[in-house]
Structure formats: C-alpha cells, structure tokens
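**Q** Can you read through this structure? Questions will come right after.
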Amino acid sequence: MTSSIPVVDTRPAAGGGLQAVLLDMDGTLVDTEGIWWAAETGVFADLGHVLDEVHKAVVVGGPMARSVGHLMEVTGTTATLAELMVAIDTRFEQLIERGAPLMPGARRLLTELAAHGVPTALVSASHRRTIDAMLRTLGAENFAFTLAGDEIARTKPHPDPYLAAAARLGADPAACVVVEDTLTGVASAEAAGCQVVAVPSVVPIEPAPGRTVVRSLDQVNVPFLRSLAGRSVNVDLH
C-alpha cells in the first residue's frame, strides 16, 4: 500500500513536543487478531463449542481474562478461566511459530522512530510470554521496554498501562502519542491523557477530540506524530 504521507529523511530531527510513542501490538503492529480468534475457536471447538463470528468483535483487543470470560458465558463451558487462558495462549504460540505478518507500514515506522531517536515502548494487553514470542518478529531493539497485560494490576481499558509506560520513560502523558487499533486500547490511552492515533483493525473507530483515525500505519510517520503531541486532551484517571 502506498502511503499518503511520504516516508521522511531518517536523519534525527530537533525540536517538537513529542516525548514518546507508545505502541499497541496485536492488530496494530502485528496482524494477529485473526490468529487469536483461530486460537480461541480452536480451543472451544476441542471442548465441543462452536463460537459464532459475532463474538469476534466483542473479544478483539480486550484483556484476555475479559475476552475469555465472555466466551465462557456464551458457551456455558465448565472449563475454568485459568485452564482456558493457558490453552489459548499455548494454541496461539503454536500458530505463530510459522510467523505472524506485520501490519502494513509497521516495519518502516519502527525503523523511522529508532532513526529519529524517539523513545518508544510496546504496551500490550497480551501476556509476557506472548510478547516475548512476538519480539522475535518485531525486534526487541526497537523498544525501550515492553509492558505486558499480566504485569500490571489493571490493564486496558483502564489508563494504568499508558500512565505506567509514560512514567517509566519520564514523559508527560500529554506529550505521548499512542497508536492503537481497538476501542479498548483507545479508551485506555485517552483516559491516560495521551494523544491517540487509531488504526481500526476489526471494529470501526470514529474520530474524536484528541483522536486521529487513519486507515493504515502507512499514513503515520515522525513529523505526523510530532504534530499531534501536546494537543489538549481530556484526562480520566478513574
């Protein structure tokens, strides 16, 4: 896909209010939402349950405990939450052993952020074991650090993950730009007071104050991110 915003010269740029870029993983950098759904449907099929496609939009992008809890409720399975989460994580890791494709523009964006010296963190609701598996594709060197959903008491849609990531980088949340693909992630970032770039993967996302919606990461580069940092946003710490 051709970007509507040209890839810029990768020489470091001075100035600008952008202090950090915080990136979601599943569906944002890596095309894994379909793989997660395949893992979930496979595990529930083994238990004799067929998942209707309508539930995909409900569970996409959410923390695993909430997503699996929803699927337990609609299927009436007798398996426990802990058993299902381990089984789905294991099935997912088996599926991505063959590799998981990056989203269009993801590799170029990571390279450009590194070239410009923009502090960058990966902030995901996925568990640590899943993130570590995906870093073989994404490249751990592209991130100052990664934050997993099972490493924080309250994950997305609460603001905690993005507040914690900004604090760890010594950045003002208002000077951070978050890139997300789901309403759950967008809600988390907005509640933390960050500017948001939404790249919808499964469920449509509408533009809003403090939120810019693009069709692809091909439309996102460092000058674009710098132009968003520091704009006024509403903050909800509850």
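**Q** Identify, please: which residue in the range 101-144 is open to solvent by 20 Å² or more (accessible area, probe 1.4 Å) and either part of a strand (DSSP E or B) or among the polar types (S, T, N, Q) (or both) and is, among those, nearest to residue 217 (Cα to Cα)?
**A** 102
**Q** A further question follows. Can you pull out the residues in the range 88-105 that are acidic (Asp, Glu) and under 18 Å from the mean Cα position of the chain (by Cα)?
**A** 89, 93
**Q** Being closer than 22 Å to residue 203 by Cα and in contact (Cβ under 8 Å) with a residue 12 or more places away in the chain is the filter; apply it to the range 69-87 and report the residue that is least open to solvent (accessible area, probe 1.4 Å).
**A** Going through the qualifying residues, I end up with 71.
**Q** Something else now. Which members of the range 168-199 meet the condition of being closer than 26 Å to residue 56 by Cα, touching a Gly at 6+ places or on another chain (Cβ under 6 Å) and surrounded by fewer than 24 Cβ atoms within 10 Å (Cβ to Cβ)?
**A** Scanning the range 168-199 gives a single hit, 184.
**Q** Residues that are assigned to a helix (DSSP H, G or I), among the small types (Gly, Ala, Ser) and either within 16 Å of the chain's Cα centre (by Cα) or surrounded by 17 or more Cβ atoms within 10 Å (Cβ to Cβ) (or both): does the range 18-32 have at least one?
**A** no
**Q** What single numbered condition from (1) over 22 Å from residue 188 (Cα atoms); (2) surrounded by fewer than 18 Cβ atoms within 10 Å (Cβ to Cβ); (3) free of Cβ contacts under 8 Å to residues at least 12 places away in the same chain fails to hold for residue 66?
**A** (1)
**Q** Moving on to the next point. Which one is most open to solvent (accessible area, probe 1.4 Å) among residues in the range 200-231 that are among the hydroxyl-bearing types (Ser, Thr, Tyr) and free of Cβ contacts under 8 Å to residues at least 24 places away in the same chain?
**A** 227
The values are calculated or read from the model by the stated rules, or taken from the named source; none is laboratory data. None of these values were measured; they are calculated from a predicted model. So basically every Cβ, Gly included, is an ideal-geometry build from the backbone, and we count neighbours across all protein chains shown. Ligands, DNA and RNA are excluded from the accessible area calculation, which covers all protein heavy atoms including side chains. Shrake-Rupley method; radii C 1.70, N 1.55, O 1.52, S 1.80 Å.
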